[in-house]
Amino acid sequence: MARFLKKMDTRAGRPPGALVFVGRQKIDTPRLRVIEYDADMARDDFVQHPGQLAGRTRPDTVLWCNVDGVHDAGLMETLGGLFGIPALVLEDIMNTGQRPKLEEFPGIVFVSIKMPSLSQDRSAVTTDQLSAVLSDGCLLTFQERPGMVFEPVRERLKGQTGRLRRYGPDYLLYALLDCVFEGYLKTIEALGERIEELDDEIFEDPTPELLQEITHYRREMAYIRKAVRPAREIALRMARVENGLVGESIQPFLRDLADMAEMTADAVEVYRELLNDHQNSYNMAVGNRLNDIMKFLTIFSTVFIPLSFLAGVYGMNFDVMPELHVEYAYFVLLGVMVAVAGGMLVYFRWRRWL
């Protein structure tokens with residue numbers, strides 16, 4: 001399956017809002033995890049059926065429901081009915097190729113963003129889609145598969161101290177987005193360490209394998225950039241939500257999130273430019289090596305042209321060639337040839353061609 005664009009064949013001809021899963025299924029059975037908390041308590045448990053969530057939202061607590069696995073249309077429809085999620089939003093949640101975005105609807109704010117992760121050899125980037133629906137007193141998050149990205153947030157909720165338990169679901173959404181952008185920075189940093197090392201290797205030994213590695217990292221940075229650019233827009237728009245679900249009290253934190261998003265975007269652009277410079281340097285290094293080879297071959301050929309001429313003249317089969325009958329003519333000719341070759345090398349050295 002293409003990384004930059006998901007296949008949309010399954011949605012062809014269907015009406016808007018149709019619940020069709022697009023992407024690669026990464027978990028067999030969806031899993032619901034619910035954390036309910038306020039300033040005094042935090043309760044964390046797994047729910048077997050979405051019907052158990054009915055009536056869980058209360059004005060004095062915050063409800064965070066996380067769903068791992070977005071391929072079950074029946075589950076999505078049930079959650080949409082329980083929490084008043086529009087069909088268009090559910091459609092975007094089930095489309096794992098959805099472009100990151102933030103949208104406002106009556107009573108909810110919908111956020112879709114990509115979460116990065118590295119392969120085992122830390123050279124390739126994969127992403128999972130995170131969708132979040134913010135409503136009054138409740139936050140629903142949808143992930144393609146279970147992960148450890150938000151465990152620090154869950155640990156903070158279990159603790160007795162910290163501001164997370166004192167704020168509403170808008171601050172919780174900020175905390176989750178902060179984890180996502182930290183993940184971007186860690187991913188870019190891990191790739192950047194190797195990208196910066198390439199600079200020295202280019203001039204030491206510009207091999208074809210090195211060019212393949214440069215091309216690989218250019219592709220990975222393009223993949224990250226595709227997700228980071230709209231993610232930065234989300235961070236900037238969070239502070240301008242107009243339906244009252246994002247309070248004034250978290251505006252300083254949202255500005256900090258916007259700064260982190262800008263820093264992430266800047267880091268991507270820096271490494272993209274660095275990789276472009278690496279490719280130019282590689283081409284220059286290979287060109288210089290080729291020039292050195294051509295210079296050597298040219299000098300070698302130039303030195304042997306007069307020697308070949310002399311050897312050719314005295315290799316002709318004429319009867320009347322006085323030099324052929326001189327006793328030391330062979331050694332004289334060799335001396336002349338050595339003198340000519342040596343003189344040409346001295347001349348080339350004097351002209352700094354060598």
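The values are calculated or read from the model by the stated rules, or taken from the named source; none is laboratory data. Bear in mind that the values here come from a model prediction, so they are computed numbers and not experimental data. Glycine gets a Cβ as well: all are built from the backbone with ideal geometry, and neighbour counts include every protein chain shown. Heavy atoms of the whole protein, side chains included, go into the accessibility calculation; ligands, DNA and RNA do not. Shrake-Rupley method; radii C 1.70, N 1.55, O 1.52, S 1.80 Å.
Some points to look at:
- Within segment 244-255, being open to solvent by 20 Å² or more (accessible area, probe 1.4 Å) and either free of Cβ contacts under 8 Å to residues at least 24 places away in the same chain or of a type in the set (A, V, I, L, M, F, W, C) (or both) holds for G244, L245, E248, Q251, P252, F253, R255.
Each row is one residue, and each column tells you yes or no for (1) touching a His at 6+ places or on another chain (Cβ under 9 Å); (2) within 18 Å of L53 (Cβ to Cβ); (3) free of Cβ contacts under 8 Å to residues at least 40 places away in the same chain.
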| position | (1), (2), (3) |
| --- | --- |
| P116 | no, no, no |
| V125 | no, no, no |
| Q129 | no, no, no |
| L134 | no, yes, no |
| T141 | no, yes, no |
| V153 | no, no, yes |
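- Residues within segment 317-330 that are in a loop (DSSP other than H, G, I, E, B) and open to solvent by 70 Å² or more (accessible area, probe 1.4 Å), tallied: 7
- Of all the listed residues (I305, I250), the sole one being touching a helix residue (DSSP H, G or I) at 6+ places or on another chain (Cβ under 8 Å) and aliphatic (A, V, I, L, M) is I250.
- Neighbours by Cβ (under 9 Å, 6+ apart or cross-chain): first from segment 83-95, touching a residue at least 12 places away in the same chain (Cβ under 8 Å); second among the basic types (K, R) and assigned to a loop (DSSP other than H, G, I, E, B): N95/K6
- Matching option when the condition is under 17 Å from E182 (Cα atoms) and out of contact with any Pro (no Cβ under 7 Å at 6 or more places or on another chain), among P100, P106, P152, P86: P152
- Residue count, segment 89-113 (criterion: in a strand (DSSP E or B), of a type outside the set (A, V, I, L, M, F, W, C) and open to solvent by less than 20 Å² (accessible area, probe 1.4 Å)): 2
To keep it simple, each residue is scored yes or no on (1) in a loop (DSSP other than H, G, I, E, B); (2) in contact with a Ser or Thr (Cβ under 6 Å, 6 or more places away or on another chain); (3) farther than 30 Å from T215 by Cα; (4) not basic (K, R).
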| residue | (1), (2), (3), (4) |
| --- | --- |
| N276 | no, no, no, yes |
| S281 | no, no, no, yes |
| M284 | no, no, no, yes |
| N291 | no, no, no, yes |
| G315 | yes, no, yes, yes |
| V332 | no, no, yes, yes |
| M344 | no, no, yes, yes |
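- Pairs with Cβ under 7 Å, 6+ apart, first in segment 207-222 and in contact (Cβ under 8 Å) with a residue 12 or more places away in the chain, second open to solvent by 40 Å² or more (accessible area, probe 1.4 Å): L210/E201; I214/Q279; M221/R272
- Of all the residues in segment 28-38, those that are open to solvent by 60 Å² or more (accessible area, probe 1.4 Å) and either assigned to a loop (DSSP other than H, G, I, E, B) or among the β-branched types (V, I, T) (or both) number 2.
- Residue in segment 273-292 that is surrounded by 14 or more Cβ atoms within 10 Å (Cβ to Cβ), β-branched (V, I, T) and either under 30 Å from Y167 (Cβ atoms) or modelled with pLDDT of 90 or more (or both) present: no
Residue-by-condition table, conditions (1) farther than 30 Å from D178 by Cβ; (2) over 50 Å from the mean Cα position of the chain (by Cα); (3) not charged (D, E, K, R):
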site	(1), (2), (3)
D256	no, no, no
A261	no, no, yes
D277	yes, no, no
D292	yes, no, no
F300	yes, no, yes
V303	yes, yes, yes
A311	yes, yes, yes
V340	yes, yes, yes
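- Within segment 163-196, being part of a helix (DSSP H, G or I), at pLDDT below 90 and open to solvent by 20 Å² or more (accessible area, probe 1.4 Å) holds for one residue alone: R166.
- Flag set for R229, criterion: part of a helix (DSSP H, G or I), under 30 Å from Y167 (Cα atoms) and under 13 Å from the mean Cα position of the chain (by Cα).
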